[in-house]
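FYI, it's all coordinate maths here, none of it is from the lab. Computed from a predicted structure; not experimentally measured. Positions of Cβ are generated from backbone atoms using ideal geometry, with glycine treated the same way; all protein chains shown enter the neighbour counts.
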């Protein structure tokens, strides 16, 4: 287990981040407002529609494009298993949000502000910068209120996830054993039996070269290549061609007030006398009796509500802070609690309120009225939204015309480029398998290598290479597939076969020498200077060889291991000494136990998520490769 986690910790972290962070820039609210209502999945009756899925795909595409650079291949997102993984991540998010709400988790305005202020993208000289914050959100086409709502949702889920991931377990004995394993040192020396010493012994005749050539003709084929001119246009590019006036901005603001406001928030404290979900009637009566006694004390001493909460409340999340639950809006608490708290006046204390968690005594601490973002602050985001909307509308109007012109005037792309006011561009030499950054997706390359383009010299079909992004091309130059002659490649084949034969000689000799050394015979081998290695730090030794070194029996020293090296020949390793870990100090043990708790916490969370999915009503669409054709 530890080998896997150590070797794949970055992968594990990325998977968890994908589960948690998808909401950061794309909120559930924006999805739900979409007209794309086809349900790709449901979680306890809550729909995940096509628009939400498409948005998640675009976000993942952008993230991977930034991470992979020129190695990015957008066609990976056409694979059914990738689509299923993204949809499954959305299912997890919806389920976690539902779970967080059902157990009454809350997010205070203070913690929300601190979380946003801590995001580096919004900081200047290490401090939160409001102007930079608004600029970044403008670039991401989001309003501050929408973004803050999305971060709040992330914080809800993070509380739930952290409850597991921060509470893993680790025993002192396990930590000590892991330290001993990881920090055991072995003193080794290395000997190389290089293939170069055997090249002179290797012999390759003309018949072998001809045979290799005939049996591997594909190896000597040159790829089909094209050079094309092309045009692309997208809704984003069309934004520079549209304008939005002040009247339209004001009208949108007035007609969409709900988008620029937040509902009334309440701050309350409570004292909880907890009952288990399946508690007996007797236990519930006992809990109620206790709660009633505390309620009497609260009524007699209302000013000491906080002290009584610290003393009696069985809610571990709020008792220490006098029962304070922070701020929350309508529907964020369980229904009985929510209904009771929104009937109270500031300073008023409720009677007993029963929920699935037990009996609550609630005190309303403050009311924060609903607020609306002023037009002046919302103006930039509205203008951007309207420009995008107009650009999308214009894209929809032009797309069919563009497609028709590309098809009908198949001997030129100039009219299509003039229609959308986009420049004609020229590519370098392209190969079928060189998928890369836009526009050179797999679909675009299939289009430019189609017979209509390469042989009939017509425009390519119009291809959607990204959401709301169309592409068409026509041939400038063409190089067909060809096979290099034997004369051109025979020397390369000769060297390849000589090397292969020399490697075989070196491996055979290495295995022979290893057997002699293991029998205790004296062999003339040139060993390197001694090197100290551990399982994690092993200089330039290959990991598979290091694994053999630490798996070999060391009851008798020196011990010997060997491994075939396809680059050089054969490697021999002599284990001369074992150095056990020094005395384990508390600092080191604490660090290892912390790492173990993180690992077991990860596993506990994954088990929790799997169990939650098992008991939830979940449906998911199946994807197939045929959908992309």
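Just grab the label-to-label distance for residue 410 and residue 290, each label 7 Å out from Cα along the Cβ direction, in nm (one decimal).
My value for the distance between the label points is 8.2 nm.
What is the angle, in °, between the Cα long axis of helix 172-183 and the longest principal axis of the Cα atoms in the chain? Nearest 10 is fine, range 0 to 90.
30
Please tell me the relative contact order of the range 264-369 in percent, rounded to the nearest whole number, where contacts are Cα pairs under 8 Å and at least six residues apart.
Details: 195 pairs, mean separation 46.5, N = 106.
Dividing the mean separation by the residue count of the range 264-369 yields 44 percent.
Given the rule -39500 (n - 2.57) for each run of at least 4 DSSP H residues, summed and divided by the residues of the chain, what is its mean residue ellipticity at 222 nm, to the nearest 500 deg cm²/dmol? Present the calculation step by step, with values, prior to reporting the outcome.
Values: 21 runs with 303 residues, N = 629.
Calculated mean residue ellipticity at 222 nm is -15500 deg cm²/dmol.
Only counting other Cβ atoms within 10 Å, I'd like 78, 125 sorted with the fewest neighbours first.
Exposure proxy ranking, most exposed first: 125, 78.
Cα axis of helix 281-300 to longest principal axis of the chain: angle in degrees, 0 to 90, nearest 10?
The two axes meet at around 60 degrees.
How far is helix 80-102 tilted off the main Cα axis of the chain, in degrees rounded to 10, range 0 to 90?
Helix 80-102 sits at roughly 20 degrees to that axis.
Using the Cα gyration tensor of the range 126-217, with a ≥ b ≥ c the square roots of its eigenvalues, what is the shape: rounded (a/c below 1.5), prolate (a/b larger than b/c) or oblate (neither)?
Oblate, because a/c is 1.5 or more while a/b does not exceed b/c.
Sort 107, 187 so that the residue with the fewest other Cβ atoms within 10 Å of its own Cβ comes first and the one with the most comes last. Mind dumping the intermediate values first?
Values: 107 22, 187 16.
Final ranking by Cβ density, sparse to dense: 187, 107.
Calculate the FRET efficiency for residue 392 and residue 564 from the Cβ-Cβ distance with a Förster distance of 35 Å, rounded to the nearest 0.05. Don't jump to the answer; show the numbers that get you there.
Details: r = 59 Å, r/R0 = 1.69.
Efficiency at R0 = 35 Å is approximately 0.05.
Of the listed values (i) 44.3; (ii) 30.6; (iii) 41.7, grab the one calculated as mean projected area of the Cα convex hull in nm² from the structure here.
(iii)
From the Cα gyration tensor of the range 300-410, with a ≥ b ≥ c the square roots of its eigenvalues, which class applies: rounded if a/c is under 1.5, or else prolate if a/b is larger than b/c, or else oblate?
Details: a/c = 4.70, a/b = 3.19, b/c = 1.47.
Taking the square roots of the gyration eigenvalues as a ≥ b ≥ c, the range 300-410 is prolate.
Beta carbons within 10 angstrom, averaged per residue: use that to sort the peptides 486-498, 410-422, highest first.
Averaged packing, sorted descending, gives the order 410-422, 486-498.
Remind me, relative contact order of the chain in percent, using alpha carbon pairs under 8 angstrom and six or more residues apart?
Details: 920 pairs, mean separation 164.5, N = 629.
Averaging sequence separation for qualifying contacts and normalising by length gives 26 percent for the chain.
Compute the relative contact order of the range 456-592 as a whole-number percentage, counting only Cα pairs closer than 8 Å that sit 6 or more residues apart in sequence.
Details: 90 pairs, mean separation 22.5, N = 137.
Over the range 456-592, the number comes to 16 percent.
Which residues in the range 522-563 have a backbone N closer than 18 Å to a point placed 7 Å from the Cα of residue 196 along the Cα-to-Cβ line?
Counting backbone N atoms under 18 Å from the label point, the list is 526-529.
For residue 576 and residue 537 in one chain, what is 0.36 nm times their gap in residues minus the Cα-Cα distance, to one decimal in nm? Don't skip to the end; give the middle numbers.
Working: separation 39, 0.36 × 39 = 14.04 nm, distance 1.73 nm.
Result for the pair: 12.3 nm of gain on full extension.
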